[in-house]
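One structure is given below, encoded as structure tokens.
The values are calculated or read from the model by the stated rules, or taken from the named source; none is laboratory data. On a predicted model such as this, the values are computed, not experimentally measured, just so you know. Using ideal geometry, Cβ is built from the backbone for each residue, glycine included, and neighbour counts are taken over all protein chains shown.
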Amino acid sequence: MTQPTTVAAGSLEVPDATLHYEVRGSGPCVVLVGAPMDATHFAPLADLLAVDHTVLTTDPRGVHRSRRADPDQDSTPQQRADDLSRRLQHRREWLE
């Protein structure tokens, strides 16, 4: 029987948004991200991968728990890429 995976949730303030993320496991980093999917959709896969990986899942800008300062403004692919980069830079130990 496998043990339940511990999930560490966090948020990161970036220009014009607050970004939600979740981290599971330890080992090499794997990032599961998609829009408009939030972190909860990736939880079953993340739990499986967390056995031997650090798994980062996210709520993209404006989706579920990641809030935009202006809810009527759409996010761009460049913003979503920048947001992911900021999350990874915020916690560099995920990459080590």
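Across the stretch 20-34, which residue is farthest from Arg67 (Cα to Cα) among those that are touching a residue at least 40 places away in the same chain (Cβ under 8 Å) and not aliphatic (A, V, I, L, M)?
Here the answer is Cys29.
Going by what's in this entry, would Ala17 be described as touching an Asp or Glu at 6+ places or on another chain (Cβ under 8 Å) and in contact (Cβ under 8 Å) with a residue 60 or more places away in the chain?
So Ala17 fits the description; yes.
Residues to consider are Ser75, Ser66; find the one that is modelled with pLDDT under 95, surrounded by 15 or more Cβ atoms within 10 Å (Cβ to Cβ), farther than 15 Å from Gly27 by Cβ and polar (S, T, N, Q).
After ruling out the rest, the residue left standing is Ser75.
Residues are listed down the side, and each one gets a yes or a no for (1) among the polar types (S, T, N, Q); (2) in contact with a strand residue (DSSP E or B) (Cβ under 9 Å, 6 or more places away or on another chain); (3) assigned to a loop (DSSP other than H, G, I, E, B):
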| position | (1), (2), (3) |
| --- | --- |
| Val23 | no, yes, no |
| Thr40 | yes, yes, no |
| Ala46 | no, yes, no |
| Asp52 | no, no, yes |
| Gly62 | no, yes, yes |
| Gln78 | yes, no, no |
| Asp83 | no, yes, no |
| Arg86 | no, yes, no |
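Every residue, every condition in (1) closer than 17 Å to Glu93 by Cβ; (2) under 13 Å from the mean Cα position of the chain (by Cα); (3) surrounded by 15 or more Cβ atoms within 10 Å (Cβ to Cβ), yes or no:
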| residue | (1), (2), (3) |
| --- | --- |
| Gly25 | yes, no, yes |
| Gly34 | no, yes, no |
| Pro44 | no, no, no |
| Arg61 | no, yes, yes |
